[in-house]
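Please read the structure below before turning to the comments.
The values are calculated or read from the model by the stated rules, or taken from the named source; none is laboratory data. Treat the numbers as computed from the prediction; the structure is a model and nothing was measured. Reconstructed Cβ throughout: ideal geometry from the backbone, glycine too, with neighbour counts over all protein chains shown. Please note that ligands, DNA and RNA were not included when accessible areas were found on the heavy atoms of the full protein model with its side chains. Shrake-Rupley method; radii C 1.70, N 1.55, O 1.52, S 1.80 Å.
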Amino acid sequence: MAMVCLTDFEEYAKEHLSKATWDYYAAGADECCTRDDNLLAYKRIRLRPRILRDVSVSDTRTTVQGTEISFPVGIAPTAFHCLAWHEGEVATARATEALNTCYITSTYSTCSVEEIVAAAPNGYRWFQLYVYRDRKLSEQIVHRVEALGYKALVLTVDVPYTGKRRNDIRNQFRLPPHLKVKNFDGVFQETAVPEEYGVPANSLDPSISWKDVYWLQSITRLPVIIKGILTKEDAELAVEHGVQGIIVSNHGGRQLDGGPASIDALSEIVDTVQGRIEVYLDGGIRTGSDVLKALALGAKCVFIGRPAVWGLAYKGEEGVREVLQILNDEFRLSMALSGCRNVAEINRNLIQFSKL
């Protein structure tokens, strides 16, 4: 069957993954209002296309943190890719390298950071980080990825505690015995503490605060990007604390239910930041026109989470490539049909604000 759009990959994954695995990837917090609103919010945004603009040649390239990528869609950090495909994150890394875009590797990978680099030595990668109660754990992984040539640290700040994902509780979700959080292999000794998503429960530090941003900057030379900001107040604090980027994100609707769709939070953050640092977004991107809308509202680049996992479930590296290629093709077409020849021409004049 020809895969025409990202929904085709979603349907394939739902059919072929085990129920517990599908439920884990699909989960939102509580009633899943925010998860679902991430998608619906794009459908409320209307475009104002310009015509007769000579779109015979188009260019989707952009830069993130000074590095050129082929189009403004990267892979967001998602956990446990080996649940979807036996090669896991290694396949994701190869696909992203082939399409020349950015892959944010999750702390909760089922392949190690070393294996990922070996599989795709020329890939452009950032590393997503949590702060643990044991700061040494965070520090060690920072030094590892810096030595391996990862280009930025993405500090996830919206998980002082894990959101309540009802189906994971019902399914008593656990990593199967043959898989583990590879970056921490052998680090967590056998304990009586129950496991939560592959590590001992309560490993994450709920006391994390802005001073930990300074702490992180003190142990690395890499740019720090904060993921999980949804308000202008926190965007301003991020700039004041010297971070190099913000990912507007509600964790795919998996943390606080009832917060805004990430695309709805984007404008106030872009207005506050005013170009001082780059602003990115994840959550709800399913089509090329979604990408166009996010860029028109001020995102420099967007990142996809679940669709990458669906691509893996379909055909591993080739499936992720197909997902990225479809988004690239759709984005190029939406750009042209809106009268934009390159990403520099995409701006807020494309958005019909009266309908928002």
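Some points to look at:
- The modelled label-to-label distance for the pair Ser70/Lys14, using points 7 Å beyond Cα in the direction of Cβ, is 3.0 nm.
- What the pair-distance distribution of region 43-124 shows, using all Cα-Cα distances binned every 5 Å from zero, is 3, 13, 20, 18, 13, 12, 8, 7, 5, 2, 0 percent.
- Note on Ile219 and Leu179: their simple-model spin labels are 2.7 nm apart, each label 7 Å out from Cα toward Cβ.
- Cβ-defined net charge surrounding Gly252, 9 Å radius [Lys, Arg +1; Asp, Glu -1]: +2
- Per-residue ellipticity at 222 nm, computed for the chain from helices alone with -39500 (n - 2.57) per DSSP H run of at least four residues, works out to -12000 deg cm²/dmol.
- Taken as Cα centroids, region 272-301 and region 128-153 sit 26 Å apart, rounded to the nearest whole angstrom.
- Share antiparallel - DSSP beta bridges, the chain, percent rounded to 5: 20 percent
- Mean Kyte hydropathy of 1.6 or more with a Cα span along the axis of at least 24 Å, helices from DSSP in the chain: none
- Within the chain: Cβ-based charge dipole about Cα centre, in debye rounded to nearest 20 (Lys, Arg +1; Asp, Glu -1): 600 debye
- Neighbour net charge for Val90 - beta-carbon separation under 14 angstrom, K R +1, D E -1: -3
- Global geometry of region 148-211, whether rounded, prolate or oblate, following the gyration tensor of its Cα atoms and the 1.5 cut on a/c: oblate
- Note on the chain: dipole from Cβ charges, positive end direction compared against Ile225, Ser267, Tyr24; the farthest Cα belongs to Ser267.
- Span from the region 20-38 Cα centroid across to the region 166-235 one, whole angstrom: 19 Å
- For semi-axes √(5λ) of the Cα gyration tensor in Å, the value computed from the atomic coordinates appears in the list (i) 39, 25, 21; (ii) 36, 27, 20; (iii) 30, 23, 20 under label (iii).
- Each Lys or Arg adds one and each Asp or Glu subtracts one; over the other residues with Cβ under 9 Å from the Cβ of Tyr42, this totals +3.
- Surface per residue (accessible, 1.4 Å probe) for region 6-353, Å²: 42 Å²
- Carbon and sulfur %, accessible surface of region 208-274 computed with the full protein complex present, 1.4 Å: 53 percent
- Added length on full extension, which subtracts the Cα-Cα distance from 0.36 nm per residue, Leu52 to Ala201: 47.8 nm
- Taking 7 Å steps out from each Cα toward its Cβ at Glu139 and Lys232 produces label points 3.9 nm apart.
- Overall form of region 194-309 per C-alpha gyration tensor (a/c, 1.5; a/b vs b/c): oblate
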